[in-house]
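A quick write-up on the structure given underneath.
The values are calculated or read from the model by the stated rules, or taken from the named source; none is laboratory data. Not measured: the values here are computed from a predicted model. Please note: Cβ atoms are built from the backbone with ideal geometry, for glycine as well, and neighbour counts cover all protein chains shown.
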Amino acid sequence: MLTLDAALRATEIILALAFLQQSAEHVLGSHTARILFVGRAALCILLLWGFLSAWVLLALCVHSILVLHRFQGPYNGGSDRMGLLVLYCLCAARWMPNAMLQEAAFGYLAVQVIMSYFISGQVKIVNPEWRSGRALRDVFSFSAYPVAESLRALAQRPRLLWAASWSVMLFELLFPLSFLNAGLLVLALILAAWFHIANACLFGLNRFVWFWVAAYPSILWLQGRVMGGV
């Protein structure tokens, strides 16, 4: 069973790597952006080192407000929102005065991630274009994502894309059930990670990999905490 301290530390390390990747994207950006993200990178290095983690997390929370102001919100959509969710829950868990409140803050993160998969599947399955496979065909045919020209030929394989669509929808909808068994949860998280890696390779959605994986220790911890005695 993963202990709370071990899960918190694992989350800190993965989140620091995620923010470092994000910061590296601004090395060639504007002068203001470089200064802003060099500061974030420095804090992330301290977090990786484990130096005064609670204070570093608090500093990253304050820094995130500056980033939100600079870009008028989470400029990269869902991945940035997930990164902030992980950061704020992690910081709250480190600063809570007792173990019960720490567990509540960290458990909230796990529940939100589990629901993010389920809600994503729910949204897709009520959409006739997803049920027919048309949504994926349109992605490969017309999307502005950096899909390689060789992959655009997949748009001409409707049966494959129909199967892929239903695989994604069913996996997302059934994901919460994996929480009932530790081994099944590990398998589900591995499949989810590969799903994000595939999206990164196919569509350039590389930020989703690190930010979602950063939340996985919270799910593993919560499963052991809730189901360990069952």
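Quick notes
- Those residues of segment 139-174 which are modelled with pLDDT of 85 or more and among the small types (G, A, S), in sequence order: A163, A164, S165, S167
- Taken over segment 46-81, residues that are more than 25 Å from A200 (Cβ to Cβ), among the β-branched types (V, I, T) and modelled with pLDDT under 90 amount to 1.
- Every test in (1) out of contact with any helix residue (DSSP H, G or I) (no Cβ under 7 Å at 6 or more places or on another chain); (2) surrounded by 16 or more Cβ atoms within 10 Å (Cβ to Cβ); (3) closer than 21 Å to V126 by Cβ is passed by F175 save one, and that test is (1).
- Residue match in segment 124-132 (condition: in contact with an Asp or Glu (Cβ under 9 Å, 6 or more places away or on another chain) and under 19 Å from A192 (Cα atoms)): yes
- Filter result for F211 (in a helix (DSSP H, G or I) and in contact (Cβ under 8 Å) with a residue 60 or more places away in the chain): yes
- A Cβ distance below 9 Å, combined with a sequence gap of six or more or placement on separate chains, defines the contacts here; from segment 11-23, residues that are touching a residue at least 60 places away in the same chain (Cβ under 8 Å) reach residues that are not in a helix (DSSP H, G or I) in the pairs E12/G50; Q21/N206; Q22/N76.
- The residues listed here are R70, R9, R40, R34; of these, the one that is part of a helix (DSSP H, G or I) and under 14 Å from L90 (Cα atoms) is R9.
- Unique match (being in contact with a helix residue (DSSP H, G or I) (Cβ under 9 Å, 6 or more places away or on another chain) and at pLDDT 85 or above) among A24, A16: A16
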